[in-house]
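First comes the structure, then the notes that go with it.
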Amino acid sequence: MHINYVNTIKKNSLGITGILLLFFMSLLAFIAPVLAQYSPVEPSTQTLAFPSASHWLGTNDIGQDIFSRLIYGARTSLLIAAGAGSLTAFIGAFLGISAALAGGICEKIIMRAADILLIIPNMVVIILVAAYLRPGIAALILVIAVFGWQGNARVIRSQALSLKERAHVAAAKAFGAGNLYILFKHIIPDLFPLITTSFIYHARRAVFMEAGLAFLGISDPAVISWGTMLNRALDFSYLNNWYWLIPPGAALSITIVSFTFLGYALEETIDLRLGDKNA
Amino acid sequence: MLEIKDFNFSYSNSPVLRGINLNLKKSEILALTGESGAGKTTLALAIMGLLSGQASGSIIYEGRNLLALPQTELWNYRWNKISMVFQDLEGALNPVLTVGKQVMEPMLEHRLLSIEKAKEKTKKLFKYVGLPEGFCSAYPHNLSGGEKQRVLIAMALSNDPEILIFDEPTSAVDAITRLEIIKIIKKASQNKAILLITHDLTTAYQLADRAAVMYAGRIMELGTGKEIFKEPKHPYTRGLLRSYPTLSTTKDLQGIPGKQEIIERGCPFQNRCTQKIADCGKKTPRLKQFGGRQIACLRGGIVSLLEGENIFKKFGETTALKGVDISLAEGETLALVGESGSGKTTLAKCIMGLEKPDGGKIIFQGKETKERNKELYKDLQLVFQNPRECISHRLNVLETVMEPLNIQRIGTFNERKENAKKALKNVELSASDQFLGMYAHHLSGGEIQRIAIARALVLNPRVLIADEPTSSLDASIQAKIVKLLLKLQEEKGLAMIFITHDIALARKISDRIVVLLGGEKVEEGPTGEIFAKPRHPYTRDLLKTAPNFSPETAYLKPPKNRPEGACVYASRCAEAGEICIIKRPAIFKVGMQKVRCHLYSRNEKEVLHAVNTNRNHTVSL
């Protein structure tokens, strides 16, 4: 069945909400330099200030403006979401499709690797690796992707295997189409919704993962992150500093919720009943 | 008896006959057929020495070249040794003389007999040709066409010639008279050499010992009469046969494209031939021996496009194809019939290379298809059984029909679009922008089926394998599509393997039928023969179940398991004997068919065994 994805998502209220929230967060991140009156990293003498006209969300223990850190933190989160999401989706799709089309020993190696990654609790592995490497943004994206593609690859492979046997692929072969034509004109376009869903899923997971690692204090301390903010805020929770604690938590929730809504909407649209639940 | 060597003839420098080599033998009928204008009558008149024009070569009779003889010498031969029954009944008879006198005239003219004896002989001749004696005194206008024809035959026989030429003896008479005349010619042929000129192919078939097919002043095919009309090997002969309605062929009439033109260089038939190659425009083919007959064709007659030898295919435990042979000639339709599960689609997929056969060879256009490249698929196309699935949901009508052209990289975008539109119009679909933008789920089953057909035809393939292409269409559209396919076959020589379970449809469109059952070819033969004389019990049962307006309904037993080493139809066959469950039958040639059934075994014991067992006895397996 031919689906016009844009039109269908437009009619889906969850999808619309997700898109609006994500757009809002992206806008904040994008215009952060304009919005922020203070540098997000420069400490000041005004420490632990209560929200006021000059510091909308107050300041932290070393006098950094919380609002500035919040919107710059959005940059980090979204960058990692986009980077890790697309990298994971790409690796998963690439390995899944390769396994399905190449078959043989290649398929065996890829799928056994996926199985191994599936049985290892990858959160633990990522924490260990991150604790050891103290990764910056790029390295973090890589780590999340390298330990996150397996479920995705399995789903894509199974779908590609069934697509490969479809009559319209056989028809293209009967017109003399080579493997590359079939891959780019039939298999990848048909897998595209699946790849998009996996992108959204992994983007959400990356946001969560980055914040979690930062919260645990095992990421690069130079990176402005909501997780780090939460961690620091909790250290001072005896001061009743809700203005410090709530904004990063809320921002994190909004971002994750926006991805979740978008993911739900996409799944409803595609209805492949193939939600990537096992990563 | 009479030998024509390298005979050329032209009227005022326009050649009419070119390079004719023929010989007539005693007690033999040689039929000369071909479209009008082929030069048949000219050849006859040349033998009679009745032509004035430029002739070269020789016509040798009794050791003398008739062409070199002066008219006075020819006079001795004409009517005494060589006589002719003319085509034009009215023109050949003098309206002011009685027919008796006209029959007597040659005898008296050559002073062979006295008047009395001549009268006596005339009466005998009238009796010989089946006319009452009293007709001797009738005038030509008193006689009907058939009677005039008989008078002319009597006249030709009057001096008891050795060579007798009949020019269209049956074209002006009704079917009953035709048979009478055929009988007379046959009787006369016992001690004479007969040259029978006719465009009536059935007369030629019934009478001719040998037959020559002429086209544009040349002989295209020469062979024994029985073979030439049953299995034509020259594209022109096949074209002639296809345009000729008979009760023994069932396929719809097809003509020969184009018209006869004077061609200076190369094969005279090149402008109408569907299997022409570059050489055909350069070299003139001469009659050459090809498998028991002479054919004037640079390609050796109708070429074989596709051959499958001993194709095996297994799916796990089940054997889908048990060594099937298949062949397809240029411009031919082969119907593959049989119930579902008989291996029809698997065979098609094996030929297309979509399934890899486990054994056997597939030869396409003379080359074994081990490695399949893109080029191959320009000429070999398949219409899939389930059109809705074979069209991607992401492609609209235009993209779908253009896809083969995109894959083969033929033409620019606009050319591709034009080709796609043309293909759509050919299958009676709209080519409007609105329709081109529709998607498969917007369309009806019939429309999708036609898009699938258009898509397969957009590459102009030489061979089209169509898997149930019309089964989802209503009858009126089916008729249109089938006519389109036959038209393409007529014009471009499209060869088709038509897979269908609709045997009534197969009857109308196919030249040959292959009946498949349980992965085996159980019967193969010309469509007309299969319908007239189905040999395999399964074919007979299948014919009973074919759609018709008869009040009786036939039922077939449902298929049961088929053990190895037995006949595939043994469990359901009403005629099965013990041998049928013990031994897999070999292929036997019966008439024009090949049948895999013990009933036709040359081994007497096996036949008896199969036939003698109780017919109602059901074989339990």
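Placing unit charges on the Cβ atoms only, positive for Lys and Arg and negative for Asp and Glu, gives the stretch B:399-445 a dipole magnitude near 120 debye about its Cα centre. In a reduced charge model with +1 at each Lys and Arg Cβ and -1 at each Asp and Glu Cβ, the stretch B:95-160 shows a dipole moment near 100 debye about its Cα centre.
Over 26 Å apart at the Cα level, from the set B:Lys26/B:Lys183; B:Lys521/B:Lys557; B:Lys480/B:Lys533, are B:Lys480/B:Lys533.
Between helix A:188-216 and chain A there is an angle of about 30 degrees, using the helix long axis and the longest principal axis of the Cα atoms.
Gyration tensor analysis over the Cα atoms of the protein assembly as shown returns equivalent ellipsoid semi-axes of 87, 30, 22 Å (largest first, whole Å). B:Ser340 sits among other residues whose Cβ lies under 14 Å from its own Cβ, and their net charge, with Lys and Arg +1 and Asp and Glu -1, is -3.
Based on the alpha carbons, how large is the Rg to Rh ratio for chain B when Rh follows Kirkwood? Before the final figure, lay out each step's value.
Values: Rg = 29.2 Å, Rh = 27.8 Å.
Across chain B, the Cα-based Rg/Rh ratio is 1.05.
Taken residue by residue and averaged, Cβ atoms of other chains lying within 10 Å of the Cβ of B:390-397 number 5.
Partner chain Cβ atoms within 10 Å, averaged over the residues of B:370-380 - can you pull that number for me?
Numbers: counts 0, 0, 2, 2, 5, 1, 1, 5, 2, 0, 2.
Per residue, the average neighbour count from other chains is 2.
Beta bridges per DSSP, both residues in the protein assembly as shown: antiparallel share near 60 percent.
When Rg and the Kirkwood Rh are both derived from Cα coordinates, the Rg/Rh ratio for chain A amounts to 1.06.
Peptide B:432-441 is shielded by partner chain Cβ atoms: per residue, an average of 1 of them sit within 10 Å of its Cβ.
With contributions of -39500 (n - 2.57) from each DSSP H run of at least four residues, the per-residue ellipticity at 222 nm computed over the protein assembly as shown stands at -13500 deg cm²/dmol.
Would you please put B:469-478, B:531-540, B:516-525 in order of how densely packed they are, using the mean number of other Cβ atoms within 10 angstrom per residue and starting with the highest?
Values: B:469-478: 17.1, B:531-540: 21.5, B:516-525: 24.6.
The most tightly packed comes first, giving B:516-525, B:531-540, B:469-478.
Taking only Cα atoms, what is the 0 to 90° angle, nearest 10, from helix A:150-164's long axis to the longest principal axis of chain A? Helix A:150-164 sits at roughly 30 degrees to that axis.
Looking at chain B alone, DSSP beta bridges between its own residues are antiparallel in about 60 percent of cases.
Value of Rg to Rh for the stretch B:28-164, rounded to two decimals, is 0.99; Kirkwood radius and Rg both from alpha-carbon coordinates.
Positive contributions from Lys and Arg (+1) and negative ones from Asp and Glu (-1), summed over other residues with Cβ under 15 Å from the Cβ of A:Glu42, come out at -1.
For the residues A:His168, A:His202, A:His55, a GNM of chain A with alpha-carbon springs under 10 Å puts the largest fluctuation on A:His168. Buried accessible surface for the A/B pair, both sides summed and rounded to the nearest 100, is 1800 Å² with a 1.4 Å probe. For chain A, the longest principal axis of the C-alpha atoms and the axis of helix A:104-119 are separated by about 30°. In the stretch B:450-545 the Cα-Cα distances spread across 10 Å bins starting at 0 as 14, 46, 31, 9, 0 percent of all pairs.
B:Ser327 label point, 7 Å along Cα→Cβ, cut-off 13 Å on backbone N: hits in the stretch B:351-386? Flagged as within label range: B:363, B:366.
Per residue, the Cα convex hull of the stretch B:95-160 amounts to 71 Å³.
Longer than 30 Å from Cα to Cα, which of B:Lys421/B:Lys492; B:Lys378/B:Lys544; B:Lys288/B:Lys367 are they? Say none if no pair is.
Working: B:Lys421/B:Lys492 19 Å; B:Lys378/B:Lys544 39 Å; B:Lys288/B:Lys367 24 Å.
The pairs that break the limit, which is 30 Å between Cα atoms, are B:Lys378/B:Lys544.
State the three equivalent ellipsoid semi-axes of the stretch B:530-612, derived from the C-alpha gyration tensor as the square roots of 5 times its eigenvalues, in descending order and whole Å.
Values: eigenvalues 107, 53, 22 Å².
Whole-Å semi-axes of the equivalent ellipsoid: 23, 16, 10.
With +1 assigned to the C-beta of every Lys and Arg and -1 to the C-beta of every Asp and Glu, and no other charges, what is the dipole magnitude of chain B about the Cα centre in debye, to the nearest 20?
Numbers: 88 positive and 68 negative charges, 164 e Å.
Rounded to the nearest 20 debye, it is 780 debye.
The values are calculated or read from the model by the stated rules, or taken from the named source; none is laboratory data. Values in this document were obtained by computation on a predicted structure and should not be read as measured data. Using ideal geometry, Cβ is built from the backbone for each residue, glycine included, and neighbour counts are taken over all protein chains shown. Just the protein is used for accessible areas: all its heavy atoms, side chains included, with ligands, DNA and RNA removed. Shrake-Rupley method; radii C 1.70, N 1.55, O 1.52, S 1.80 Å.
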